[in-house]
Amino acid sequence: MIKKRTPKLKKKIKTLWVYYPWHNALVHVLNENDFYLVKTSRNQNLITKSEQKILKKARIGLVGLNVGNPIALSLVFQGFTNFKIADNDILELSNLNRLASGLRLIDLGESKAVLTKRQILDINPFCKIDCFTDGINEKNIIEFLIKPRIDILVEEMDNLLMKIKIRELAKNFGIPVIMATGNGPNVIIDIERYDLNPNIPILNGYLRDKVINKIKTLDNLTFTERIQLAKDFMQSKYLTKRLKESFSLVGKKLAGIPQIADVSFLRAGVMNFFIREILLGKKISSGRYFLNIEELKYNKLIRIKKL
Amino acid sequence: MDFTNDILILDLSKTKHQKLFEYLKKKNIKIVDTIESQLK
């Protein structure tokens, strides 16, 4: 039988007050340890106590806070507490079709990194967050990766050149990299276990040297050539018909490469699974994985297939 | 510290924090006590 807590017992528990300037509110909360214990109590036994300790200590690096936003928030719900987040962009109306941080019109024009930081602290005020509002650039890329060192890099940037550079450095430092890409209603997941094997090629060799070299000379390219490169980055043969067609319409009839909210959240969910498994030392090998939700229509079964 | 985007965690067993707490309370802010619901 569960004993009802008495007021006397409550008095013994240390509590704290948190002042949130963006809400202009003072919130009375439990101390850090008890807060974490209660907050993660429904994770047990899907996540064991010893596993939860590992997740609490792990430091996650998230670059690109469009899909990085729902990924970060799901990680906080799971019980992760250490983050480095980076994005140089502000929230725009066209983001409101998918971003969790776009739930409020009042936030338009605010930094995506700041909004994500606030949301993380809204869920757990004891989280430690390094916020890079300038995004990732030549000056701060080393600091982001190793000062202090991140345990895994979640790469969701738009900048093709930085996507290559951050991988080259992650490879050098032995940091695993994970990326989820929306493919119409489906998701492609790329996992690079530089922690296990620093000799694997960038993006597991899916990106040919010719494309990498072209990306490195990006400044000299036209808008159409850049879009073609983004398509090459994702590799046409894996793309759905509608997404493939969309690439040629970007800048003409379309404002950008199309993305839908359900796929953003699907990406967040599947990324949370892989991040947890990798950090808990489960056997997840480098490679490209596919989550084809469209198969649900035909098989009533979703499979994650590895290429 | 970024006073717009950083939170303050106040431990009222510390005198310094008590003073800050009293100061903030006077600033017409919303006070939310979540302890009851956290202990359920």
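Things to note:
- Beta bridges per DSSP with both ends in the protein assembly as shown, % antiparallel, nearest 5: 55 percent
- Shielding of peptide B:28-39 by partners, expressed as the average count of other chain Cβ atoms within 10 Å per residue Cβ, is 6.
- For chain A, Kirkwood radius (reciprocal of mean inverse C-alpha pair distance, Å): 20.8 Å
- In terms of packing, defined here as the mean over residues of other Cβ atoms within 10 angstrom, the peptides A:188-199, A:221-232 line up highest first as A:188-199, A:221-232.
- Dividing the mean sequence gap of close Cα pairs (under 8 Å, 6+ apart) by how many residues chain A holds gives a relative contact order of 17 percent.
- For the range A:17-61, the residues whose amide N sits under 19 Å from a probe point set 7 Å from the Cα of residue B:20 along the beta carbon direction are A:17-33.
- Calculated from the alpha-carbon coordinates, the range A:1-145 shows an Rg and a Dmax of 17.4, 59 Å respectively.
- The sum of -39500 (n - 2.57) across all DSSP H runs of n ≥ 4, divided by the residue count of the protein assembly as shown, sets its helix-only mean residue ellipticity at 222 nm to -11000 deg cm²/dmol.
- Summarising the label geometry, the points placed 7 Å from Cα in the beta-carbon direction at residue B:28 and residue B:12 lie 2.4 nm from one another.
- A DSSP coil position with no more than 13 other Cβ atoms inside 10 Å describes the following trypsin sites (Lys or Arg not before Pro) in the range A:74-119: A:104.
- 10 Å-binned pair-distance histogram of the range A:100-146 (Cα, whole percent): 23, 44, 28, 4
- Projecting the Cα atoms of A:224, A:256, A:270 onto the dipole axis of the protein assembly as shown, where Lys and Arg carry +1 and Asp and Glu carry -1 at the beta carbon, places A:270 farthest toward the positive end.
- When only alpha carbons are used to place a centre, the range A:203-268 and the range A:67-140 end up 24 Å from one another.
- Relative intensity of chain B on a log10 scale, I(q)/I(0) at q = 0.16, 0.32 Å⁻¹, equals -0.54, -1.08, per a Debye sum over C-alpha point scatterers of equal strength in the absence of solvent.
- Per-pair calculated FRET efficiency, R0 = 45 Å: residue A:108 and residue A:34 via Cβ, rounded to 0.05: 0.75
Laboratory data are not the source of any read-out in this text; all were calculated from the coordinates shown. Computed from a predicted model, the values in this text were never measured in an experiment. Note: ideal-geometry Cβ built from the backbone for every residue, glycine included; neighbour counts use all protein chains shown.
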